[in-house]
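Report on the following structure.
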Amino acid sequence: MSASNLDIILKNIVICFDNFFYKIVVMYKYIKINLNLIFKRIHEFRTRHIDEKSFLILVSIFVGIMTGLVSVILKSSVKFIEHLLQFNFNLKYQNYFYILYPLIGIGLTYWYINTFHRGKFRKGLSDLINLIFKNKIDLEKHNALSQIFSSALTVGFGGSVGLEAPIVVAGSAIGINTANKLKLNYKTKTLLLACGAAGGISAIFNSPIAGVIFAMEVLLPEFTIPAFIPLLIASAVSSVVSKLFGTEQIFVLITTGWKINAIPLYFMLGIFCGLFSAYFIKITYKIEKLFSGIRNNYIKIITGGIVLGLLIFLLPPLYGEGYKTVESLFEGNAAKLFEKGLFYDFRNTEWFVLIFVFSIIMLKVFATAITIGAGGNGGTIAPSLFTGALVGFLFSRMLNLTGLVQLNETNFVAVGMAGVLAGVIHAPLTGIFLIAEVTGGYALIVPLMIVSALSFFISRYIEPYSVYTKTLSEKGAWFPGNRDKNILEQINLSNLVEDNFIKIKANMTLRQIIKAFSISKRNIFPVVDDNNVLLGIITLDDIREIIIKDELYDIILAFEIMTLPPAIIDINEKMEDVMDKFENLNAWNLPVINEGKYIGFVSKSSVFNRYRDLLIKLSNNPV
């Protein structure tokens, strides 16, 4: 083939690609324009013919359907990737590819996020919770699909996390952007966000009640009863969509009940679950903070990927979500935990089984935190359920080996899942109803209540913040439980600074000061030097006694009568600290500085007025 012919072929290929991408762009713009037109027509029709409550029900159904479809796509994508990576290894030999899979998955996730979203991407629920509680809810449209691609790559290649956080963020993005398109108010937008989140949990686990409770406990702690109906509808519809596409129940537990004499042991299990949950939260926070300190993303990915790969190589149950391990425990077949691992020959040695399970429990937390910290995308609900199942198994198996009692291990596996989940995310009702639904019945409802409640209280006593809010608390963000702090965090100090005060130079005479007082509506004056550094303040009370002495007008200078302010506020201070200064010093006006320079005053009354406005807004917009 001649060079000229090759050039012609290459040019034709380039032209074909250009035409292809041009058509894609034109099609995208066409669809976008038509969708906007459709939403506009829907909005016009709704305002004329449908009342608000009925329309909200219809929209919640739409959000439920879309979230259910996204959930199906996500789970199918993970199964597809896992199927591609499976090899028929002899069970006696380890899967050496486990060392590389997580590194590849995290690397591909990082590549996807930076290539298609320029690194601007929300992972986990902490950001979502912070947006809700700061009344600034907004999620980019791409989250509806980008969460699928990124989490599928992470989990499909063995990342030791779950799919729940990505599907909750994706569902929330669907709810938010639907509300934006339909020009709905903030209150409704927040509710549709929660509908998407509830639908996500419902579709992933086929548990509509747990989806609603999760949304109320974790995302909407100040919900109102009217919000319950749209949440329930969206959650139920999402679950139905998931089942229509053949999504199976994650776990199937057949139990005839529990024995009353086991209650003390369930209390003991609750204590262990609470202690482990606190450990889970603390380790997760420390590992993620450690990785966030690594500036070079490639070092972060390689380090995290290799460490995670080695952990999975040694302990294969750490691979992915880990639900197959839980299924094995429900089946009473703990030997499956040793498949494709180095220690397969020890699967029937009781003492080694206990050591092996204990190692998995303790290291699963590290594996989860490393996956997220190194750049993967996933959630902590699946790891919580996984470790909870193993905690319940380890607890019951140890007691059974003593010969003193004979416990139903599958019951303790199920109840342990609820206990650790309740303790890690600080949501006991979610733990109770999620396990009751995913295990196929409510026969264990009393043990579930005992273990979940006890684990929650112990975990919260040791670690006041959940795995979602721990990071927010360290950053000074706010969340449920402290309304005053929450509202104060929303106040921007720079918007309250008043700069219309006449500045006094230190060498100005009393006569000049009195003249300044006569033309000003203020009764307080800042004294500054030539560099605008605050030296002190002068108030009307400071000159009241000498103002009648004419002979002193040209003798006394400003620096002789000025006083130090009771406190000085830095423009970057937290509003909570600012209010503490006002209250402790009984002050009404305090000077504000920025980088050491005077910029104005802030008054206690202006802070109170802004606080009142935000409180009224919050009261008028409950969900």
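See the values below:
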{"item": "Subset of Lys515/Lys597; Lys340/Lys364; Lys289/Lys364; Lys503/Lys574; Lys505/Lys597; Lys79/Lys340 violating a 21 Å alpha-carbon distance limit", "result": "Lys515/Lys597; Lys503/Lys574"}
{"item": "Most positive-pole-ward Cα, Leu184, Gly199, Trp111, against dipole of the stretch 50-244 from beta carbon charges", "result": "Trp111"}
{"item": "Per-residue Cβ neighbour rank within 10 angstrom, fewest leading, Glu437, Glu321", "result": "Glu437, Glu321"}
{"item": "Computed E for Glu573/Tyr186 - FRET, C-beta separation, R0 22 angstrom, nearest 0.05", "result": "0.20"}
{"item": "Rounded Å value of the spacing that divides the Cα centres of the stretch 343-370 and the stretch 306-336", "result": "9 Å"}
{"item": "Cβ-derived FRET efficiency at R0 56 Å, Asp613 paired with Ile104, nearest 0.05", "result": "0.60"}
{"item": "Extension gain from Ser518 to Ile462, taking 0.36 nm per residue of separation minus the Cα-Cα distance", "result": "14.2 nm"}
{"item": "Computed label-point distance, nm, for sites Lys581 and Arg544 using a 7 Å Cα→Cβ extension", "result": "2.5 nm"}
{"item": "Stretchable slack from Phe559 to Leu342, in nm (0.36 nm times residue separation minus alpha-carbon distance)", "result": "70.1 nm"}
{"item": "The stretch 488-620, dipole about Cα centre (Lys/Arg Cβ +1, Asp/Glu Cβ -1), debye to the nearest 20", "result": "480 debye"}
{"item": "Ranked Val326, Val241, Val413, criterion: other C-beta atoms within 10 Å, fewest first", "result": "Val241, Val326, Val413"}
{"item": "Residues Trp111, Trp351, Trp258 arranged by fewest to most Cβ contacts within 10 Å", "result": "Trp351, Trp111, Trp258"}
{"item": "Proportion of all alpha-carbon pairs of the stretch 50-244 beyond 21 Å (%)", "result": "50 percent"}
{"item": "Simple label model, 7 Å out from Cα along Cβ direction - Ile593 to Ser606, nm", "result": "1.9 nm"}
{"item": "Difference of contour (0.36 nm per residue) and Cα-Cα distance, Arg118 to Phe358", "result": "82.4 nm"}
{"item": "Packing-based ranking, highest mean first, of 599-605, 584-590 given that Cβ atoms within 10 Å are counted", "result": "599-605, 584-590"}
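Any read-out appearing in this document is the output of simple, stated calculations on the displayed coordinates, not a laboratory observation. Keep in mind that what you see is a predicted model, and the values were worked out from it rather than measured. With ideal geometry, Cβ positions are generated from the backbone for all residues, glycine too; neighbour counts draw on all protein chains shown.
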